[in-house]
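The structure appears below as structure tokens.
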Amino acid sequence: MRQHHGTACVLGSLLLLAAAGTSSSATAPRSASGAAADRAAPVPLGRIVPAPLAVDPGGPGFEITAKTRIRVGSGNAEERRVGEYLAGILRPSTGYRLPVTDREGGDGGDGIRLRISAEPANKALGDEGYRVISARGSLTITSWTATGLFHGVQTVRQQLPAAVERRTPQRGPWRVAGGTIKDKPRYAYRGSMLDVSRHFFPVEHVKRYIDQLALYKMNKLHLHLSDDQGWRIAIDSWPRLATYGGSTQVGGGPGGYYTKDQYKDIVAHAAARGLQVIPEIDMPSHTNAALASYAELNCDGVAPPLYTGIEVGFSSLCVAKDVTYEFVDDVVRELAALTPGGQVHIGGDEAHSTSHEDFVTFMDKVQPIVTKHGKGVMAWHQLTETTPVPGAVAQYWGYDRTGQAERDRVVNAARNGTKLVLSPADRSYLDHKYDKDTKLGLSWAGYVEVQRAYDWDPGTYLQGAPADAILGVEAPLWTETLSTPAQLDYMAFPRLPGIAELGWSPAATHDWGKYRTRLAEQAPRWDALGMDYYRSPQVPWPPSRR
Ligand code: ACM
């Protein structure tokens with residue numbers, strides 16, 4: 001159910017805003033006449049999410065006008081692709097033509113210039129870093145890679161007024177504050193997981209979520225493709241997984257699955273936005289949909305019925321049967337062929353109906369199947385109860401009540417070379433209720449308000465884990481209770497940008513008091529994009545203008 005926000009809530013936000021004593025023109029409540037003046041004032045340089053590495057404001061800045069061109073290197077397909085993407089965002093709202101033209105065209109160096117180059121200053125910003133220089137007459141984005149250029153475009157997008165996100169012509173001016181931003185991420189892994197098994201989400205909904213992740217410079221979409229309630233990816237060698245195992249979902253709706261072409265379309269959409277898709281087949285538990293589709297995968301040879309409830313931990317692949325590993329080999333082989341990225345996620349959580357001995361046997365046999373097909377192993381942190389293969393990544397999903405022995409096991413694995421992605425359930429689980437009044441979501445790890453989601457440090461969270469073992473952060477969005485894009489929006493926003501900032505921004509910029517103001521300034525953008533979000537009383541929101 002979507003929740004509606006009454007006048008009382010808006011007034012409460014205004015009072016909070018007054019209490020915070022902010023004088024920011026972008027967040028202050030304003031009269032209709034003040035709005036016109038505000039429109040002329042550009043977003044202060046660097047006041048974006050995630051906070052950039054270094055901001056050096058100064059000068060008059062750049063203004064997009066009817067004459068602006070987007071200039072790229074002639075014959076440089078990557079620069080042109082990012083240029084067309086930027087033009088696609090800017091054209092509908094500005095109403096300008098914004099041609100993407102060759103930089104060497106000879107008609108001046110003005111306009112928006114996009115440049116990929118291996119100059120040492122660019123290389124020093126790494127695979128995803130970029131620089132934006134905003135000056136009178138020119139706005140330049142440079143990077144060593146197309147991904148960095150793309151992140152630079154997201155920065156420019158957030159420096160422009162929120163109305164730029166609307167798809168109909170809006171009034172300008174379209175100014176970017178003057179100065180230089182130099183930026184690169186703190187962590188290489190910044191992701192979110194979308195559970196398309198409990199409720200199925202068609203390709204268009206997944207693309208919408210990818211676009212939201214890209215706006216906050218996230219670079220991994222982990223797709224939870226199978227669980228007890230549904231198998232969501234076509235596997236040619238075991239076709240009933242999708243056609244039967246994908247035929248329902250929580251609550252008994254029709255479910256669905258992605259054909260291989262549809263899945264490739266998702267992977268391509270993500271790649272064009274700097275994101276890798278990490279597919280997860282959860283094993284040996286969370287497998288009822290597979291067990292229902294093929295009787296031979298069950299130890300007793302009897303297929304259980306399809307399942308549409310939300311209990312966990314009752315299913316298990318048959319660890320003792322050879323056919324189980326033929327099945328895993330086929331599935332991983334077909335999935336690896338669809339996965340340009342480095343990892344396949346094999347789950348491993350909540351194997352409550354598999355003995356410890358069987359669990360170890362299973363993980364020992366399955367990990368080499370993943371590496372044989374050229375992919376790295378990723379799994380939930382229960383992998384550390386077995387022997388992680390070299391290069392394995394364990395995804396920690398513990399919370400404040402997780403026992404010390406379990407934490408120690410994860411920390412010891414990290415000391416022995418296993419890399420960690422941090423998804424603490426009481427911080428980063430986007431399916432968790434904000435407070436007792438949240439209608440959607442679960443709460444087994446407690447309530448996760450916006451400050452709780454933001455106010456922790458991935459670098460010190462797991463005491464004893466070496467700093468270089470932390471690959472980054474991921475915010476999982478489980479969907480037992482969520483079935484529409486508006487519901488995904490409401491649970492992901494405004495927590496997801498906080499996790500994105502933990503993954504991207506230097507620890508030195510971490511400051512809840514300042515962050516909540518920057519976060520509030522994102523709301524008009526979400527309104528313009530037609531997104532829902534939770535108007536947390538912890539954040540000094542401007543009035544909604546939807
Ligand atoms: C999980 O939440 N079962 C990984």
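Overview of results
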{"item": "Part-to-part distance (alpha-carbon centres) for segment 318-336 and segment 193-264, which is given in Å", "result": "20"}
{"item": "Qualifying chymotrypsin sites (Phe, Trp or Tyr not before Pro) in segment 387-455, DSSP loop, other Cβ atoms within 10 Å at most 14", "result": "W444"}
{"item": "Contact order relative to length of the chain, as percent, for alpha carbon pairs under 8 angstrom and 6 or more apart", "result": "15"}
{"item": "Pair K123, S353: separation of 7 Å Cα→Cβ label points (nm)", "result": "5.6"}
{"item": "Coil-residue trypsin sites (Lys or Arg not before Pro) of segment 75-104, DSSP, other Cβ within 10 Å capped at 12", "result": "R97"}
{"item": "Mean-position separation - Cα centroids, segment 450-494 and segment 420-437, in angstrom", "result": "6"}
{"item": "Extension reserve of the K372-T484 stretch, reckoned as 0.36 nm per residue once the Cα distance is removed", "result": "36.6 nm"}
{"item": "Exposure proxy order (Cβ contacts within 10 Å, fewest to most) of M363, M283", "result": "M363, M283"}
{"item": "Nitroxide proxy distance, nm - points 7 Å out along Cα→Cβ at T101 and A508", "result": "4.1"}
{"item": "Mean Cβ count within 10 Å, highest first, over the residues of peptides 145-156, 61-72, 317-328", "result": "145-156, 61-72, 317-328"}
{"item": "Trypsin sites (Lys or Arg not before Pro) within segment 352-420, DSSP loop, no more than 16 other Cβ atoms inside 10 Å", "result": "R401"}
{"item": "Within the chain, helix-based [θ] at 222 nm, where runs of 4 or more DSSP H residues each add -39,500 (n - 2.57), nearest 500", "result": "-9500 deg cm²/dmol"}
{"item": "Dipole magnitude of the chain, debye to nearest 20 (Cβ charges: Lys/Arg +1, Asp/Glu -1, about Cα centre)", "result": "2720"}
{"item": "Span from the segment 271-292 Cα centroid across to the segment 70-101 one, whole angstrom", "result": "35"}
{"item": "Pairwise label distance in nanometres, K436 with A467, each label 7 Å out on the Cα-Cβ vector", "result": "4.2"}
{"item": "Residue-span extension gain [A77 to A272] - 0.36 nm each, minus C-alpha spacing", "result": "69.0 nm"}
{"item": "For segment 183-200, Karplus couplings with θ = phi - 60° (6.51, -1.76, 1.60), whole Hz, Gly/Pro x", "result": "8, 7, x, 6, 10, 6, 10, 9, x, 9, 9, 10, 8, 9, 8, 4, 10, 7"}
{"item": "Rounded to 5, the percent of DSSP beta bridges in the chain classed as antiparallel", "result": "30"}
{"item": "Percentage relative contact order, segment 224-283, counting C-alpha pairs under 8 Å, at least six apart", "result": "36"}
{"item": "Sites D265 and A41, calculated FRET efficiency, Cβ-Cβ separation with R0 35 Å, nearest 0.05", "result": "0.30"}
{"item": "Linear extension gain, A66 paired with A135, 0.36 nm per residue minus alpha-carbon span", "result": "23.1 nm"}
{"item": "Cα-based reach from K220 at 19 Å (exclusive), listing lysines while leaving out same-chain residues under 8 positions away", "result": "K184, K207, K264, K375, K419"}
{"item": "Axial C-alpha extent at least 15 Å, average Kyte-Doolittle at least -1.0 - helices from the chain (DSSP)", "result": "7-20, 77-94, 146-159, 203-215, 260-271, 322-337, 356-372"}
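A short reminder: the numbers here are calculations on the coordinates, not readings from a lab. Bear in mind the structure is a predicted one, so any value in this text is a computation, not a measurement. No Cβ is skipped: glycine too gets one built from the backbone with ideal geometry, and neighbour counts run over all protein chains shown.
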